[in-house]
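Some notes on the structure that comes next.
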There are 2 protein chains.
Amino acid sequence: MTHDQNADRESGSQLNPKYDSNGLMSAVVTDDSSGAVLMIAFVNAEALALTQETGFAHFYSRSRQSLWKKGETSGHVLHVSELLIDCDQDALWIKAKPAGPTCHTGVASCFYRKIESGKLERVE
Amino acid sequence: MTHDQNADRESGSQLNPKYDSNGLMSAVVTDDSSGAVLMIAFVNAEALALTQETGFAHFYSRSRQSLWKKGETSGHVLHVSELLIDCDQDALWIKAKPAGPTCHTGVASCFYRKIESGKLERVE
């Protein structure tokens, strides 16, 4: 990667995602209304393409080694409002309208506990 | 990992981070005031410990293979307001007060471009 290619990636208008050695990049989802972080996962090129094409958030599961559409079984899909990519194009921010609780535990956000003096405390 | 261990990880009050095979987990930083996503990076156990101990966000750079304190050279540190961990304890949400622009390009957030019809458009 030359300096010019990095500069293009940072300042250009061309989508040129920089996946890691496993073909993945981090993706964070926030609730378009509350602004809360709902979940963090990974996307590969196929998941990003499907997210753009369908308007529903898709991810890649490292543990199951497969593509998944969020909410495919639960119905708690994420309608994408806006997709943003970071400076070096190796991370994604998905603003979304959730159709239900995002966390499989039934709460709105997967981040329902804060770290306080080394212990976890529920915040929702 | 048994079912009980997973259940403890999800519902318990014990901090028990689940790092990936490289010893890392994703970390998203939001601005405590605006709620905007500022950056996404990775932490290892040492970075998480230092973040908790010092109150300043620390990360692990995969490209440089080293620990880094955000803002160590620029002065644009991130004062941690709250640390949250997700359901399966493999992702971190850092709410922070930034001392300056978080992005090395000089803008507040690394997410300064949205993806629109396959192209990038600046949003700040």
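In table form, for the structure just shown:
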quantity	calculated
Peptides ranked, highest mean first, by Cβ atoms within 10 Å: ranges A:63-70, A:22-29	A:22-29, A:63-70
Accessible surface, per residue, of region A:3-122 when the full set of protein chains is kept, probe 1.4 Å, Å²	46
Summed buried accessible area for A+B [probe radius 1.4 Å, Å², rounded to 100]	3700
Carbon/sulfur fraction of accessible area - region A:53-97, other protein chains in place, 1.4 Å, %	45
Length-normalised contact order for chain A - Cα pairs under 8 Å, 6+ apart - percent	23
FRET efficiency, A:GLU46 to B:SER21 (Cβ-Cβ, R0 25 Å, nearest 0.05)	0.70
Helix B:45-54 vs. chain B, principal-axis angle (Cα, 0 to 90°, nearest 10)	70
Under 21 Å, Cα to Cα: Lys pairs in chain B, sequence gap 8 or more or different chains	5
FRET efficiency for B:LYS119 and B:TRP68, using Cβ-Cβ distance with R0 set to 35 Å, rounded to 0.05	0.65
Projected label distance in nm at A:SER61 and B:HIS76, using a 7 Å step from Cα toward the beta-carbon	3.8
At least 50 Å² accessible surface lost relative to isolated chain, residues of region B:4-24 (1.4 Å probe)	B:GLU10, B:SER13, B:LEU15
Estimated distance in nm for a label pair at A:ASN6 and B:SER11, the labels positioned 7 Å out from Cα along Cα-to-Cβ	4.9
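The values are calculated or read from the model by the stated rules, or taken from the named source; none is laboratory data. None of the values given here were measured: they were computed from a predicted structure. Because the Cβ atoms are built from the backbone with ideal geometry, glycine has one as well, and the counts that use them run over all protein chains shown. Surface accessibility is based on the protein's heavy atoms, side chains included, excluding ligands, DNA and RNA. Shrake-Rupley method; radii C 1.70, N 1.55, O 1.52, S 1.80 Å.
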